[in-house]
Amino acid sequence: MGIDWQGSRVLVTGASSGIGAGLAEEFARRGAVVGLSGRDAARLGATAELCRAHGATVHELPAELGDPAAVDGLAADALAAMGGVDVLVNNAGIPKRRNVRALDAATVDTVMQVNFLGPTRLTLALLPQMIERGEGRIVNVSSVAATLSSPGEAAYDASKSALAVFSEAMAVDLWDTGIKVLVVYPGVVDTPLFQMPDNEPFTEPVESIAVGELVSATFDALDRGALEVYIPEYFKEFATGKANDVEGFVAGTAQYMSQQQASGRE
């Protein structure tokens, strides 16, 4: 039997579209009370309507995770609106794809704020009430880029790696508290994320997975009480292979990128 989410109070960031919208709708379908956060109020409203179509109580809580004060406000608003948060899904993120030679410190700061510092700040703000109740779930959406060091995404890779390692350490610290942590490592998902402005294109077409595939795998991992889930699963093998031979992995990736660049010039 899977977890009964009926009546659970769930806060999802990055819920305006893509992964966040998909997870929020599935929680709504399963009877949860859903708090939706995102930067785009209009698109957030569209997600809210999808959730309400399942009969769910929905709270729209627009916020900019790049602003620490806004993150604090989001935590306070979520607690006030829902009376508590049982499940926190830290999904919001930005890519800022670019070769490190075109990267600047301001961009790194922005990516780290949205992808790592914002989610951890929100987590720390909501954690005390979970500890007081002796139960809770924290779902941090990382990326396979966190473990595979995807080229052209140094800032994104680092931010998602930081989130993943923070999550692992947090899971140890909270081991006997009744609060469980899940780190989700998706590959490229068919969402608007990497089509956002101010991102270098991929060097070649990348096979993406559907949002529904990620949603299904995430809920399965929650049911199993897993600490991590790779989507698709074969990325776990890639991550293990890299860990066993980092130097060889990096050299092989560099060679592959050189070949792609050479073929692109032909």
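The values are calculated or read from the model by the stated rules, or taken from the named source; none is laboratory data. Remember, it's a predicted structure, so these values are computed and weren't measured experimentally. Cβ: placed from backbone, ideal geometry, glycine included. Neighbour counts: every protein chain shown. Quick note on the areas: whole protein, heavy atoms, side chains included, nothing else; ligands and nucleic acids left out. Shrake-Rupley method; radii C 1.70, N 1.55, O 1.52, S 1.80 Å.
Per DSSP H run of at least 4 residues, take -39500 (n - 2.57); add these up for the chain, divide by its residues and hand me the 222 nm value, nearest 500 deg cm²/dmol. The partial results should precede the final answer.
Working: 10 runs with 132 residues, N = 266.
Calculated at 222 nm, the ellipticity per residue is -16000 deg cm²/dmol.
Convex hull over the alpha-carbon atoms of the chain: what's its volume per residue in Å³? Before the final figure, lay out each step's value.
Values: hull volume 34.8 nm³, N = 266.
Measuring per residue, one finds 131 Å³ for the Cα hull of the chain.
Expressed as an acute angle from 0 to 90° and rounded to the nearest 10, what is the orientation of the C-alpha long axis of helix 246-265 relative to the principal long axis of the chain?
70
Find, among the GluC sites (Glu not before Pro) in region 109-192, those assigned to loop by DSSP (not H, G, I, E, B) with at most 15 other beta-carbon atoms within 10 angstrom.
Here the sparse-neighbourhood loop sites are E135.
Under the Karplus relation 6.51 cos²θ - 1.76 cosθ + 1.60, θ = phi - 60°, what is the ordered set of whole-Hz ³J(HN,Hα) values for region 133-144, x standing for Gly and Pro?
With the stated coefficients, region 133-144 comes to 7, x, 6, x, 10, 10, 10, 10, 8, 9, 5, 4 Hz.
Which residues in region 228-255 place their backbone N less than 13 Å from a point set 7 Å from the Cα of V172 along the Cα-to-Cβ direction?
none
Helix 68-82 sits at what angle to the longest principal axis of the chain, using alpha carbons and giving 0 to 90 degrees rounded to 10?
40
Given a Förster radius of 25 Å and the C-beta distance between A102 and S258 as r, what FRET efficiency does 1/(1 + (r/R0)^6) yield to the nearest 0.05?
Working: r = 18 Å, r/R0 = 0.70.
For R0 = 25 Å, the calculated efficiency reads 0.90.
As a test question: what accessible area, to the nearest 10 Å², does S16 have when a 1.4 Å probe is rolled over all protein chains in place?
20
If you take the Cα atoms of region 24-85, find Rg, then find the Kirkwood Rh from the mean of 1/r over all pairs, what is Rg/Rh? Walk me through the numbers on the way to the answer.
Values: Rg = 11.5 Å, Rh = 11.8 Å.
Reported Rg/Rh, Kirkwood definition of Rh: 0.98.
Per the Kirkwood formula on distinct C-alpha pairs, the Rh of region 1-122 is how many angstrom? Provide the component values of the computation, followed by the final result.
Numbers: mean 1/r = 0.0679 Å⁻¹.
Answer for region 1-122: a Kirkwood hydrodynamic radius of 14.7 Å.
Putting +1 on Lys and Arg Cβ atoms and -1 on Asp and Glu Cβ atoms, find which of G187, T123, A262 reaches farthest to the positive end of the dipole of the chain.
Farthest towards the positive pole: T123.
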